[in-house]
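Asks: First, the structure itself, so that you have it in front of you.
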Amino acid sequence: MQFGIFTVGDVTTDPTNNTTPTENERIKAILTIAQKAEEVGLDVFALGEHHNEPFVPSSPTTMLGYVAAKTEKLLLSTATTLITTNDPVKIAEDYAMLQHVADGRVDLMMGRGNTGPVYPWFGKDIRQGIPLAIENYALLRRLWDEDVVDWEGQFRTPLQGFTATPRPLDGVAPFVWHGSIRSPEIAEQAAYYGDGFFANHIFWPKEHFQRLINYYRQRFEHYGHGKADQAFVGLGGQVFMAKNSQDAVNQFRPYFDNAPVYGHGPSLEDFTEQTPLTVGSPQQVIDRTLTFRETFGDYQRQLFLMDHAGLPLKTVLEQLDMLGELVVPTLRKELDALRPAHVPDGPTHQSEIERMAARSAAKAVQDADAQSAVAAEAARTAGSTTTSTTAAAHSGAAFGL
Amino acid sequence: MTDTSRKQLVAVSAGLSQPSSTRLLTDRLSDATVSDLTGRGVEVDLRTIDLRDLAQDITNNLVTGFASTKLQDAIDAVANADGLIAVTPIFTASYSGLFKSFFDVIDNTALTGLPTLIAATGGTPRHSLALDHAVRPLFSYLRAPVMPTSVFAAAEDWGNGSTEDGIAALPDRIHRAAGELAGAMEHSTRSARVIDPYALEGFSPVGGYGAQ
């Protein structure tokens with residue numbers, strides 16, 4: 001089980017003292033927070049990509065490249081990479097490069113973005129959001145998985161004899177999560193490729209995400225990547241802690257009330273009840289987070305949103321200390337103990353090397369079966385009936401690719 | 001969910017005061033529709049939703065993008081109905097903000113094909129055309145067939161029951177509108193439908209172009 005944090009990188013005024021960090025201060029704070037994540041024993045740092053104020057992280061691989069140099073074990077990810085408006089060629093190259101720089105400590109989460117005007121700013125049409133996500137990702141996969149690509153699609157200029165450079169580290173692309181709040185099409189896409197599905201989870205009640213994740217799990221099995229409970233599920237969460245829960249509530253309330261997105265809307269109490277937000281003692285955070293497993297099944301990655309709504313850097317670092325010392329060790333122990341042996345751990349570069357090797361082996365068996373079926377058919381039409389059942393011998397492992 | 005042989009009628013009232021003349025009109029229209037359906041031998045369940053009770057949930061939905069359990073329950077009731085009675089007070093020459101906000105947070109395909117009776121209340125009859133220039137287009141956009149008769153009740157309508165001057169009185173208009181809605185509901189199968197939001201017809205996870 002992997003634990004980490006994800007940030008949208010908002011520049012928000014601290015409502016308790018009316019100060020606003022500069023872009024430079026916020027960018028530096030994000031880099032400090034990422035390093036702190038490793039220091040307190042977290043596994044993953046995931047960075048958003050935005051092209052509009054009040055968010056600063058427009059260039060994730062620049063920031064993640066810096067974090068890669070400053071850390072040793074931390075897995076670097078995104079939340080999310082805009083698969084709709086970015087050129088898939090550029091995504092393929094940027095993240096393969098980051099893989100080499102970070103010695104494989106890289107994966108990505110694909111998303112469609114949350115801001116309408118970003119589409120036209122990048123020459124795209126928001127009404128084509130899903131088709132863009134589908135086609136761009138299909139191309140991205142090929143650019144990583146095949147050395148030379150001939151390609152033609154609806155949204156991008158064609159490619160003939162193109163090789164994305166550098167090639168993925170060890171010939172294995174970064175693991176990919178697909179994030180979606182409401183589109184079953186994206187859950188279907190994640191299942192088709194045997195990729196991970198990440199439920200943001202922060203907005204909307206859990207029942208909504210429960211349906212989406214169950215659907216993804218069923219389709220993952222349908223496409224032959226394993227059992228439903230072996231699918232790769234990631235969840236978001238949002239916490240604020242203090243030793244005494246009432247202190248946590250009092251301290252967090254002004255930030256909650258003025259937060260971007262949900263500020264000036266529901267009360268802290270309503271939002272806590274309706275979403276995974278937990279404001280209280282570390283033990284309350286542990287208890288609440290353990291319920292996620294009951295709702296969604298054994299899952300592979302838990303990311304927390306910790307650094308938004310104008311919370312000062314000092315507070316965020318204190319929160320990360322608590323998360324790393326008082327919360328995650330218990331969660332890790334409990335969730336790892338509960339997870340059955342056949343359910344995969346959180347994906348890493350090493351586990352992807354093994355998974356891709358198993359996938360090619362299965363495909364080789366399948367190809368051999370197809371060939372023996374051709375041979376059997378030839379033999380049958382030649383008058384012999386002896387080998388007509390060999391093709392059924394290895395009919396499993398339809399890996400969908 | 002519900003007994004599929006029974007028709008589901010949902011009435012939405014955007015009245016704000018208590019007691020409310022908008023709610024009063026809603027109840028008169030509901031009663032008339034139920035009794036018309038009963039007269040046709042059709043069994044019907046009526047649910048009346050006062051948007052006033054959901055005002056905060058609706059505002060929160062506008063801000064956060066998701067509905068509370070209570071609001072979702074109301075939205076589901078409307079989306080799965082066989083007939084809708086939608087009644088708003090006329091504020092500043094149009095439907096009330098609360099009325100509009102409720103329909104704003106419902107998915108814009110959820111009301112497709114829903115037989116709808118629109119009605120409104122106002123201080124004077126001079127606001128009556130708001131039904132046709134504001135409320136009717138709203139439901140047309142949502143592809144909900146709106147009954148030809150819409151009912152406007154000005155304050156004075158509650159006191160004038162006579163038809164001596166040849167003008168149909170409020171109860172007459174209520175009965176005509178209710179009859180139209182009952183007729184449309186009688187054949188509706190909307191409440192018996194099972195909608196699978198995960199039925200991805202024609203969707204390919206690799207795209208439709210020759211990209212794969």
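Asks: Given an 8 Å cut-off on Cα distances and at least 6 residues of separation, report the relative contact order of region A:2-346 as a percent.
Replies: Computed value for region A:2-346: 19 percent relative contact order.
Asks: Over region A:142-256, consider all pairs of different Cα atoms and compute the Kirkwood hydrodynamic radius from their mean reciprocal separation; express it in Å, one decimal.
Replies: 17.2
Asks: Residues with amide H under 5 Å of B:A11's amide H, sequence separation 5 or more or different chain, H placed in the peptide plane at 1.01 Å from N; which?
Replies: B:R47, B:T48, B:I49, B:I85
Asks: Rg and Dmax of region A:202-335 over Cα atoms: what are they, in angstrom?
Replies: Looking at region A:202-335, its Cα Rg and Dmax stand at 16.0, 49 Å.
Asks: Report, as an integer, the average count of C-beta atoms from other chains found within 10 Å of each Cβ along B:59-66. Could you put the intermediate results ahead of the total?
Replies: On the way: counts 3, 8, 2, 1, 6, 11, 8, 10.
Mean shielding by partner chains, rounded to a whole number: 6.
Asks: Treating only the Cα positions of chain A as identical point scatterers, give the base-10 log of I(q)/I(0) from the Debye formula at each q in 0.10 Å⁻¹.
Replies: Results for chain A at q = 0.10 Å⁻¹ read -0.68.
Asks: For the ranges A:190-196, A:144-150, what's the packing order if you count other beta-carbon atoms within 10 Å of each residue, average per peptide, and put the highest first?
Replies: Peptide ranking by packing, descending: A:190-196, A:144-150.
Asks: Then there's this: What does the helix-only formula give at 222 nm for chain B: each DSSP H stretch with n ≥ 4 adding -39500 (n - 2.57), the total divided by the residues, and the result rounded to the nearest 500 deg cm²/dmol? Before the final figure, lay out each step's value.
Replies: Working: 6 runs with 71 residues, N = 212.
After summing the helix terms and dividing by the residues of chain B, the value is -10500 deg cm²/dmol.
Asks: Given H placed on each backbone N at 1.01 Å, which residues far from B:S96 in sequence or on other chains put an amide H within less than 5 Å of it?
Replies: B:F91
Asks: Right, next: Once the other residues with Cβ under 13 Å from the Cβ of A:Q371 are scored (Lys, Arg +1; Asp, Glu -1), what is the net sum?
Replies: -2
Asks: Can you give the calculated 222 nm mean residue ellipticity of chain A, where each DSSP H run of n ≥ 4 adds -39,500 (n - 2.57) and the sum is split over every residue, rounded to the nearest 500 deg cm²/dmol?
Replies: Working: 13 runs with 179 residues, N = 401.
Calculated mean residue ellipticity at 222 nm is -14500 deg cm²/dmol.
Asks: Rounded to the nearest 0.05, what FRET efficiency do A:R127 and B:Q18 give with R0 = 35 Å and r taken as the Cβ-Cβ distance? Could you check? Display every interim value, and only then the final one.
Replies: Values: r = 43 Å, r/R0 = 1.23.
So the FRET efficiency works out to roughly 0.20.
Asks: Count, for each residue of A:178-187, the Cβ atoms from other chains sitting within 10 Å of its Cβ, then give me the mean as a whole number.
Replies: 2
Asks: Please report how far the C-alpha centroid of region A:35-101 lies from that of region A:115-136, rounded to the nearest whole angstrom.
Replies: 21
Asks: With θ taken as phi - 60° and the coefficients 6.51, -1.76 and 1.60, list the Karplus ³J(HN,Hα) couplings across region B:84-92 in order, rounded to whole Hz; mark glycine and proline as x.
Replies: In residue order, the calculated couplings are 10, 10, 10, 10, 10, x, 8, 10, 6 Hz.
Asks: With r as the distance between the Cβ atoms of B:D31 and B:H133 and R0 = 35 Å, compute the FRET efficiency 1/(1 + (r/R0)^6) and round to 0.05. Please report the intermediate quantities before stating the final value.
Replies: Numbers: r = 28 Å, r/R0 = 0.80.
About 0.80, to the nearest 0.05.
Asks: Another question about this same structure. Tell me the relative contact order for region B:78-143 as a rounded percent, counting alpha carbon contacts under 8 Å between residues six or more apart.
Replies: 43
Asks: Looking at region B:169-202, which GluC sites (Glu not before Pro) are DSSP coil and have at most 14 other C-beta atoms within 10 Å of their C-beta? Intermediate results must be reported in sequence, preceding the final value.
Replies: Working: sites: B:E180, B:E186, B:E201; in loops: B:E201.
Those that pass, being in a loop and sparsely packed, are B:E201.
Asks: If you average the sequence gap of Cα pairs under 8 Å that are 6 or more apart and divide by the length of region B:55-212, what percent do you get for the contact order? Walk me through the intermediate numbers first.
Replies: On the way: 192 pairs, mean separation 33.7, N = 158.
The value is 21 percent.
Asks: Further question on the same structure: Sum up the lysine pairs in chain A that clear both bars: alpha-carbon distance under 26 Å and a spacing of 8 or more or different chains.
Replies: 22
Asks: By per-residue mean of other Cβ atoms within 10 Å, what is the highest-first order of A:129-137, B:169-177?
Replies: Final packing ranking: A:129-137, B:169-177.
Asks: Continuing with this model, one more query. How well do other chains shield peptide A:271-277, expressed as the mean number of their Cβ atoms within 10 Å of each residue Cβ?
Replies: 2
Asks: How many angstrom lie between the C-alpha centres of region A:344-385 and region B:106-149?
Replies: 60
Asks: Would you give the gap between the C-alpha center of region A:183-234 and the C-alpha center of region A:147-172, rounded to a whole Å?
Replies: After rounding, the separation between the Cα centres reads 27 Å.
Coordinate-derived values only; no laboratory data. The structure displayed is predicted, hence computed values, not measured ones. Note that we place each Cβ from the backbone using ideal geometry, even for glycine, and neighbour counts take in every protein chain shown.
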